[in-house]
Amino acid sequence: MKAKILFLLHSNAGQTRRAVDELAKGICASSSAEISYIELMDAKEYPFPWGFYEFFSIFPECAIEKPDPLTINPQPILSDYDLIVIAYPIWFLSPSLPLQAFFKSHLADGLKGKPIVSLITCRNMWVEAGQRVTQWISEKGGALVDTIVLADRSPPWTTFITTPVWMLTGNKKLPMLPEAGIQEEDYLRLREWGQLIGDTVSSGANNWHKPSLDQVETIALQEKYILPEKVLKNLLFKPAAFGIYHLSRFLPIVRKPFVYLFLVFLVFSILILIPIVLVMKIFLRIFFKDIGESLRKKALYPYHQ
Ligand SMILES: Cc1cc2nc3c(=O)[nH]c(=O)nc-3n(C[C@H](O)[C@H](O)[C@H](O)COP(=O)(O)O)c2cc1C
């Protein structure tokens with residue numbers, strides 16, 4: 001009998017969709033698995049390119065995980081599938097809102113007992129969001145067998161400019177800077193991962209033992225962001241999002257100015273936070289080597305614990 005694989009995906013600018021297509025090509029090259037796709041959607045419409053305010057206005061809901069309800073119809077029966085691939089982009093250090101909506105819906109209960117591969121696309125900061133998804137999968141009783149991450153490999157100072165410009169204008173290439181987005185060779189490498197998945201599926205579908213995570217080169221590249229991301233998310237994003245979300249529920253008129261205020265605050269705090277985080281990193285490395293190491297392991301291998 002043919003194995004059945006379901007891709008649950010959300011993609012706004014197209015990178016996750018492309019990644020899914022490449023992974024699926026690899027799976028098809030090494031197995032006769034039947035593949036289905038479901039686009040995750042919630043009640044909001046997300047534009048591309050984004051308007052300036054639209055882009056930042058989703059920040060509070062993203063950061064404190066308040067998505068609109070999932071709106072896919074008809075809903076698939078997840079228990080029919082041998083493997084589920086959950087593919088999503090990162091938004092404000094969190095999984096994108098439609099992905100959050102999926103995990104808040106009853107549909108996610110169908111993940112129980114299923115092998116799951118998660119596929120993330122991002123600029124460069126995915127660890128906090130990846131850990132949330134790992135946690136949600138485990139709460140639903142699913143078995144995460146692999147996490148594949150595709151990030152923009154260009155220098156962070158360039159992607160800090162090129163990614164927002166691309167999101168806000170649709171233009172990926174600015175003069176003198178590398179093109180925004182995931183590189184072609186990284187997309188193509190996904191076919192290899194797809195073939196590995198296809199091999200496993202063909203060899204009996206239940207042969208999911210050790211995640212191949214430690215072989216994923218792109219993940220090792222992101223290690224240096226683990227601590228800055230943790231600090232940014234917990235000390236800045238969450239408190240600010242909580243404040244804006246709750247204040248604007250009582251007084252909707254304050255939402256827009258507060259979102260802009262956050263933006264200004266964000267730029268300044270990045271300038272302040274970066275040196276603080278660097279000092280913390282040195283301190284951790286020298287005096288609390290074990291804590292630093294356990295933080296690193298937890299981020300990179302959350303399901304090996
Ligand atoms: C609203 C928004 C917020 C984003 N926030 C982050 C972020 O916090 N970290 C990151 O690495 N990338 C971030 N990105 C970049 C996207 O994660 C990245 O471009 C992703 O590959 C887009 O996937 P898609 O093309 O399938 O929509 C953000 C993009 C958008 C639109």
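The values are calculated or read from the model by the stated rules, or taken from the named source; none is laboratory data. Predicted model only: the values in this text are computed from it and were never measured. Using ideal geometry, Cβ is built from the backbone for each residue, glycine included, and neighbour counts are taken over all protein chains shown.
State yes or no: is TRP126 closer than 19 Å to ARG17 by Cβ, at pLDDT below 95 and in the same structural domain as GLU22 (by TED's automatic domain parsing)?
Values: closer than 19 Å to ARG17 by Cβ: yes; at pLDDT below 95: yes; in the same structural domain as GLU22 (by TED's automatic domain parsing): yes.
So TRP126 fits the description; yes.
For PRO98, indicate whether it is within 14 Å of the ligand (Cβ to nearest atom), more than 20 Å from GLU229 (Cα to Cα), surrounded by 21 or more Cβ atoms within 10 Å (Cβ to Cβ) and at pLDDT 95 or above. Give the derivation first.
Working: within 14 Å of the ligand (Cβ to nearest atom): yes; more than 20 Å from GLU229 (Cα to Cα): yes; surrounded by 21 or more Cβ atoms within 10 Å (Cβ to Cβ): yes; at pLDDT 95 or above: yes.
Spelling it out, PRO98 is indeed within 14 Å of the ligand (Cβ to nearest atom), more than 20 Å from GLU229 (Cα to Cα), surrounded by 21 or more Cβ atoms within 10 Å (Cβ to Cβ) and at pLDDT 95 or above.
Answer yes or no as to whether SER105 is at pLDDT 95 or above, within 13 Å of the ligand (Cβ to nearest atom) and among the polar types (S, T, N, Q). So that I can check it myself, show each step before the final result.
Numbers: at pLDDT 95 or above: yes; within 13 Å of the ligand (Cβ to nearest atom): no; among the polar types (S, T, N, Q): yes.
No: the conditions fail for SER105.
Within the stretch 201-248, restricting attention to residues that are at pLDDT below 85 and of a type in the set (Val, Ile, Thr), which residue is farthest from PRO156 (Cα to Cα)?
VAL201
Give me a count of the residues in the stretch 45-66 that are in a loop (DSSP other than H, G, I, E, B), within 12 Å of the ligand (Cβ to nearest atom) and either surrounded by 12 or more Cβ atoms within 10 Å (Cβ to Cβ) or not small (Gly, Ala, Ser) (or both).
Restricting attention to the stretch 45-66, the residues satisfying the condition of being in a loop (DSSP other than H, G, I, E, B) are 45-51, 58, 64-66.
Those left that are additionally within 12 Å of the ligand (Cβ to nearest atom): 46-51, 58.
This time we only want the ones that are either surrounded by 12 or more Cβ atoms within 10 Å (Cβ to Cβ) or not small (Gly, Ala, Ser) (or both), so: 46-50, 58.
Residues that pass the stated criteria total 6.
One residue is enough: does the stretch 81-94 have a residue meeting the conditions within 15 Å of the chain's Cα centre (by Cα) and of a type in the set (Asp, Glu)? Step through it out loud before you land on a result.
Initial filter on the stretch 81-94 (within 15 Å of the chain's Cα centre (by Cα)): 85-94.
Filter again for of a type in the set (Asp, Glu), leaving none.
There is no residue in the stretch 81-94 that is within 15 Å of the chain's Cα centre (by Cα) and of a type in the set (Asp, Glu).
State whether the residues of the stretch 2-10 include one that is of a type in the set (Gly, Ala, Ser) and either surrounded by fewer than 19 Cβ atoms within 10 Å (Cβ to Cβ) or under 15 Å from the mean Cα position of the chain (by Cα) (or both). First the steps, then the outcome.
Initial filter on the stretch 2-10 (of a type in the set (Gly, Ala, Ser)): 3.
Narrowing further to those that are either surrounded by fewer than 19 Cβ atoms within 10 Å (Cβ to Cβ) or under 15 Å from the mean Cα position of the chain (by Cα) (or both): none.
Checking the stretch 2-10: not a single residue is of a type in the set (Gly, Ala, Ser) and either surrounded by fewer than 19 Cβ atoms within 10 Å (Cβ to Cβ) or under 15 Å from the mean Cα position of the chain (by Cα) (or both).
Given the criteria part of a helix (DSSP H, G or I), modelled with pLDDT of 95 or more and closer than 25 Å to ARG191 by Cβ, does GLU22 qualify?
So GLU22 passes the test.
Given the criterion closer than 29 Å to PRO239 by Cα and part of a loop (DSSP other than H, G, I, E, B), identify the matching residue among MET167, MET176, MET125. If you could, list the steps in order and put the result at the bottom.
Details: MET167 fails: part of a loop (DSSP other than H, G, I, E, B); MET176 fails: closer than 29 Å to PRO239 by Cα.
So the residue among MET167, MET176, MET125 that is closer than 29 Å to PRO239 by Cα and part of a loop (DSSP other than H, G, I, E, B) is MET125.
Is it the case that the stretch 13-32 has a residue that's within 10 Å of the ligand (Cβ to nearest atom) and surrounded by fewer than 17 Cβ atoms within 10 Å (Cβ to Cβ)?
The initial filter retains those residues of the stretch 13-32 that are within 10 Å of the ligand (Cβ to nearest atom), namely 13-20.
Still in the running and surrounded by fewer than 17 Cβ atoms within 10 Å (Cβ to Cβ): 14.
The answer is yes; a qualifying residue exists.
Of everything in the stretch 108-135 that's touching a Leu at 6+ places or on another chain (Cβ under 7 Å) and among the polar types (S, T, N, Q), which residue is nearest to the ligand (Cβ to nearest atom)?
Once the filter is applied, the top-ranked residue is THR121.
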